Each structure stands twice: as C-alpha cells, then as structure tokens.
1. Using 7 Å Cα-to-Cβ label points, what is the S131/E210 separation (nm, one decimal)?
2. Given the C-alpha atoms of the range 158-246, compute the convex hull and give its volume per residue in Å³.
3. Given a Förster radius of 41 Å and the C-beta distance between E159 and R11 as r, what FRET efficiency does 1/(1 + (r/R0)^6) yield to the nearest 0.05?
4. Lys and Arg at +1, Asp and Glu at -1: add these up for the other residues within a Cβ distance under 12 Å of T160 and post the number.
5. What shape does the range 4-130 have by the C-alpha gyration tensor, where a ≥ b ≥ c are the square roots of the eigenvalues, rounded means a/c under 1.5, and otherwise prolate means a/b greater than b/c and oblate the rest?
6. Starting from the coordinates of the alpha-carbon atoms of the chain, obtain the Kirkwood hydrodynamic radius over all distinct pairs and give the value in Å to one decimal.
7. Taking Cα pairs under 8 Å and at least six residues apart, what relative contact order does the chain come out at, in percent?
Amino acid sequence: MEPHTDHYRVRSYECTPDGRLRATQLLNYFQETASEHARLLGFDFPVIDEATGARGAWVLSQLRVRIDRAPRWRDTVAVTTFPYGVRSLTANRDFLFALEDGTPCGVASTRWMVIDPAARKAVRIPAYVASFDFAREPVFGPGDPFARLRPPAEAAAGETVRTYRVMRSHIDLNGHVNNVHYADWMLESMPDEAVRGRRVAELEIVFRSETLYGETVETISAPVGPDAWFHRVRAPGGADHILATSRWTAAEE
C-alpha cells in the first residue's frame, strides 16, 4: 500500500508579506491531506468501532514540524502522508512535503486520538485502523519524535501575554477550536522584533484540553534561547490548552 499525496497551489492569502507560505497554513495542508487519506482508507470522520458501533472523532494530540524551505506564492506543494505505529489510544501519522519538482521542503510527525463526541473522552483506536499500519521509517528517525514539553519555572525576560476570545470561525467539525488556531494565537503573541526578517523553522505542540465557543484564552510566549521560544495557550490563569515550542531562522531571500 502506497502513501497518499495531495497537491496544493500556494495562494496569495496564505502567505506572509515576503511571499512565503505561512507555517500555520502548512498545518491546514497536513490536516486536509490526513483527512482525505483516512477517507480513502475507510476511517474518516466519524470513526466507527466495528465491534461496538460506537462513533468517534479524530483529534490531534501532538505535532512536530520541521520546515527546511518555505514554499513561495504560486508554488505547488506536494504533501505526502502515511500512518504508522498504532497503539490502543494513539495513532501516528507522518508527512513529507516538497515542491512540484521534487525539491524537499520539510517533514512533520503527528499523533492522533479518537474521542467520544458525547463524553468528550478518548476511546480505543478501532482495531481495523491498526491494519493500515504502513510500517515505514518515521520521518524523524527511530524513537519517540516528541519531546516532553514543560513550561519554564519562572517568567522569562521578554515574556509576552495576550488574550483572545473564541469566535464561531475558530470552531471545527468536532465542535471545538481547530488545532491550527492555537498555532496562530501562539505565534501572534510574539513581539514583532522577534519575528521580523525571520521564519518558523520548527514547531512542536502538545494539545492538552479543548476550547469552546465564547471562551477566552490567554497566550504566553517567552524566549528560551537565541532562536527558540516557549508558548502556552491556556484559560486565563488556569489550565493549559496547549504547550509548544518554536524555533526560528532567517527568512530566505
């Protein structure tokens, strides 16, 4: 069984002012490609457990993406995906993305769970999903591709805090904030001088709790190195919705 590939034409409204694809728009490409591949394999939304008839929904629990080259406006981006490493409560899916001529642009790894839409709790991955394990080498190599993210013990110099209110446009098919909006919020909270003339080189996000329409979230971003930032999106003063890190590099000419 072959991995699945979708192609995307980079639109002007998906770009930063320098004409490069926004990192968060790339996450939308991943989400759509994963959904289409799941549909072709027979376990798209909703996920139905053949043994019990229970209906579930896929939710992203972890993400790591490395961007070696940022595609430009009007480039065609080929996004290739394959699942692997299915366990009782999680399923991994990796991505490679490249230009139309085959020039590699980067890789990503994701981990997914299935939730019961009524109980809003994780349930076991249906057994038939595991039969589609592609047994391919993970794009980040052997071992767990995800770090154990922990926020800094103390507020760092340069830390920024912003608040956002969840709007209807942030809500997805599962009735909660779509994962890409968290990335938008966390990157938007960074000071302009930290991102001017630079681009995202790597993102890692762990999704810890859902956010619903009408709620308010607080984003905290703090530098943890010359090119690295730690991010949190949480209920104001409360539980974290996500923890994340970003690494930055000079934008291409």
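1. With each label point 7 Å from Cα toward Cβ, the separation is 2.9 nm.
2. Once divided by residue count, the hull of the range 158-246 is 97 Å³.
3. Numbers: r = 34 Å, r/R0 = 0.83.
For E159 and R11, the calculated efficiency is 0.75.
4. Details: positive: R162, R232; negative: E159, E188, D192, E193, E218.
Surrounding charge for T160 is -3.
5. prolate
6. Values: mean 1/r = 0.0528 Å⁻¹.
Kirkwood hydrodynamic radius for the chain: 18.9 Å.
7. On the way: 530 pairs, mean separation 44.3, N = 253.
RCO, the chain: 17 percent.
Read-outs throughout are calculated quantities, based only on the coordinates presented, and are distinct from any laboratory measurement. The shown structure was predicted, so the numbers you read here are calculated from the model rather than taken from an experiment. Quick reminder, even Gly has a Cβ in these numbers, built from the backbone with ideal geometry, and neighbours come from all protein chains shown.
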